[in-house]
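**Q** One structure follows; several queries about it will come next.
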Amino acid sequence: MKHKFICLGFILLYLSFIANGQDTFSIVAIDSVTGEIGSAGASCVGSSTYYPHGAAVLSDVIPGIGAIHTQAAYLAGNQDYAHDLMMQGLPPQQIIDSLLVHDAGNNPNPRQYGIVDFNNGHPRAASYTGSTCQNYKNDTNNIYYSIQGNILLGQLVLDSMQVRFLNPISAITCGRHYPMRI
């Protein structure tokens, strides 16, 4: 599984070059058999005093529990709040609903979230794209993954991520083929 998510990271890097995806896109996912959780993405957030580790601040992976991506007009308070809600056992959609009501900046419209949790072997996922995220923007999810992006060239970027995630061997070969167990 570790290799699958390393491969996923290379696939996303590859996608950023081929699809010229542009700025911010990410995926959080759960392996339904092992419960392993993965996260990958790209952002226009670079390292600075506000973001000391660049785009790494966008991802919060909680081993054995779930993962949260907080992107587009990122506020640490929102990610911390989502983390606390996940630790309380709230499902992904309920976490997003609460984030929208309790946004740290009192304006959830420029935000984007992708959340998955293992839920004792019953994975769940949810996503949200605010109405004022920069175009092109959209998200998609399945109970095992959530993909989201903004400032993209179009839907093709997200569709391509989804196809390549579900069929990683069709994107590029990362050594051995690790089939998805969903």
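Values in this text are rule-based calculations from the coordinates and carry no lab data. Keep in mind the model is a prediction, meaning the values are calculated, not measured. Cβ atoms come from the backbone with ideal geometry, glycine included; neighbour counts cover every protein chain shown.
**Q** With each pseudo-label sitting 7 Å past Cα toward Cβ, what's the residue 100-residue 61 distance in nm, one decimal?
**A** Distance between the two pseudo-spin positions: 2.9 nm.
**Q** Using the Cα gyration tensor of segment 80-140, with a ≥ b ≥ c the square roots of its eigenvalues, what is the shape: rounded (a/c below 1.5), prolate (a/b larger than b/c) or oblate (neither)?
**A** Working: a/c = 3.22, a/b = 1.47, b/c = 2.19.
Oblate.
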